[in-house]
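The values are calculated or read from the model by the stated rules, or taken from the named source; none is laboratory data. In this text the structure is predicted, and so the values were computed from the model without any measurement. In this analysis, Cβ positions are derived from the backbone assuming ideal geometry, glycine residues included, and neighbour counts consider all displayed protein chains. Calculation scope for accessible area: heavy atoms of the full protein, side chains included, ligands and nucleic acids excluded. Shrake-Rupley method; radii C 1.70, N 1.55, O 1.52, S 1.80 Å.
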Amino acid sequence: MSAVSGYALAIGQTLLAVALAPGLIGLIRWLKARMQNRRGAPIWQPYLELRKLFAKEVVVSTNASWLFRLAPYVVFASTGLVTLLLPILAVPLPLDPVGDLLVVVYLLLLGTFFLALAGLDPGSAFGGMGSSREMTVAALAEPTIAVAIFALALGAGSTNLGQIVARALARPAEAISPGYLLAFTALFIVTLAETGRLPVDNPATHLELTMIHEAMVLEYSGRYLALIEWAAALKLLIFFTLLANLFVPWGVTTRFDPGSVLLAVVVYVAKLAALAVAVAVFETRVAKLRLFRVPELLSVSFVLALLAITASFLSR
């Protein structure tokens, strides 16, 4: 494959991820509504909400600085850049050498950092509360992401995500090893925490005393809020992609003809839908944890990630 075709495919899969992200949120909402015997909004409702927000006027607090206006663009750009580095449809791609575990983790943390600063900037009491909670969750969740994926990197001999997927494709039996299963469980728990899902946060509530993500974005409106909500949906898709392609890599193509790429798109969408069903079922069966219990849950995920590294090291 030529370098031009490789870059085109990398950009194409990024655009696919950006386009699918709001629909993923809509699918989870629709599934939860059906499981609760409600009709629910259509799956494409988040697209309508984004269109409405982009058309609305931006209202900014008089206490807000330039940082408040810059943060939505940094959050969306950093999240979008992560999708450019992920092995979504095919490996290897020209940008795979850049798609290192630490680069992905720190790009995600960059968006979280700027969003937390933006929550503090206007001087809102709820914004400060949400930012404090978000950084607490991030401080516990980000190391778990790195450790869980590092358990896979031990077997691949590299922290490059593309090489981890290529190794799993070459040795599919490793995907059902204890190390992989423990790492998958740890990363799934972190996915719920990092994306503001139950039992860590409730994306459907606006009760100020329990909000984390919503508290930070209360002062945003118009296109700023649209970018933040789109980035939040994209972040959920990123974590789903890590779960789907690092642990269940089948469907990721090593051939670059149109038929193979189209099949990879179909399998990728099917894996996202399966994870959406799993999250929807889980969220309809659990209640939100009290805030001081969240660190205990994330500590469990970190221990599982450490056990995954131990199991991977012993099985080498």
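Numbers for the structure displayed
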| quantity | calculated |
| --- | --- |
| Residue in segment 88-102 that is among the β-branched types (Val, Ile, Thr), assigned to a helix (DSSP H, G or I), modelled with pLDDT under 90 and within 24 Å of Val300 (Cβ to Cβ) present | no |
| Residue that is most open to solvent (accessible area, probe 1.4 Å) [pool: residues in segment 295-304 that are among the hydrophobic types (A, V, I, L, M, F, W, C) and closer than 13 Å to Val200 by Cα] | Leu297 |
| Search result, residues across segment 28-66 that are of a type outside the set (A, V, I, L, M), touching a Ser or Thr at 6+ places or on another chain (Cβ under 7 Å) and assigned to a loop (DSSP other than H, G, I, E, B) | Gln36, Lys56 |
| Residue among Ala264, Ala232 that is open to solvent by less than 20 Å² (accessible area, probe 1.4 Å), closer than 24 Å to Leu101 by Cα and either at pLDDT below 95 or not aromatic (Phe, Trp, Tyr) (or both) | Ala264 |
| Enumeration of residues in segment 279-294 that are surrounded by 14 or more Cβ atoms within 10 Å (Cβ to Cβ) and part of a helix (DSSP H, G or I) | Val279, Ala280, Phe282, Glu283, Leu291, Val294 |
| Which listed residue, of Leu237, Leu304, is in contact (Cβ under 8 Å) with a residue 12 or more places away in the chain, out of contact with any Phe, Trp or Tyr (no Cβ under 7 Å at 6 or more places or on another chain), among the aliphatic types (A, V, I, L, M) and farther than 24 Å from Trp30 by Cα | Leu304 |
| Where Phe184 falls short, out of the listed (1) in contact with a strand residue (DSSP E or B) (Cβ under 9 Å, 6 or more places away or on another chain); (2) over 19 Å from Leu15 (Cβ atoms) | (1) |
| All positions within segment 173-197 that are touching a Pro at 6+ places or on another chain (Cβ under 8 Å), assigned to a helix (DSSP H, G or I) and not small (Gly, Ala, Ser) | Leu192 |
| Residue tally, condition closer than 20 Å to Thr79 by Cβ and exposed (fewer than 15 other Cβ atoms within 10 Å of the Cβ), over segment 13-48 | 2 |
| Single residue of segment 49-63 satisfying the filter (under 13 Å from Tyr220 (Cβ atoms) and either under 22 Å from the mean Cα position of the chain (by Cα) or open to solvent by less than 50 Å² (accessible area, probe 1.4 Å) (or both)) that is modelled with the lowest pLDDT | Ser61 |
| Subset of segment 134-188 [charged (D, E, K, R) and open to solvent by 40 Å² or more (accessible area, probe 1.4 Å)] | Arg167, Arg171, Glu174 |
| Residue check for Trp66: exposed (fewer than 14 other Cβ atoms within 10 Å of the Cβ) and either more than 18 Å from the chain's Cα centre (by Cα) or farther than 28 Å from Asn202 by Cα (or both) | yes |
| So Pro203, is it part of a loop (DSSP other than H, G, I, E, B), surrounded by 17 or more Cβ atoms within 10 Å (Cβ to Cβ) and touching a Leu at 6+ places or on another chain (Cβ under 6 Å) | no |
| Every pair of residues 6+ apart whose Cβ atoms lie under 7 Å, when the first sits in segment 8-24 and is over 14 Å from Val261 (Cα atoms) while the second is outside any helix (DSSP H, G or I) | Ala17/Ile88; Gly23/Ile43; Gly23/Trp44 |
| Any hit, segment 104-118, residues being assigned to a helix (DSSP H, G or I), open to solvent by less than 10 Å² (accessible area, probe 1.4 Å) and within 19 Å of Leu9 (Cβ to Cβ) | yes |
| Filter result (of a type in the set (Gly, Ala, Ser) and in contact with a Gly (Cβ under 7 Å, 6 or more places away or on another chain)) within segment 8-40 | Ala33 |
| Residue selected from segment 213-229 under the condition hydroxyl-bearing (Ser, Thr, Tyr) and touching a helix residue (DSSP H, G or I) at 6+ places or on another chain (Cβ under 7 Å), by the criterion surrounded by the fewest Cβ atoms within 10 Å (Cβ to Cβ) | Tyr224 |
| Which numbered condition Leu85 misses (of (1) open to solvent by less than 40 Å² (accessible area, probe 1.4 Å); (2) modelled with pLDDT under 90) | (2) |
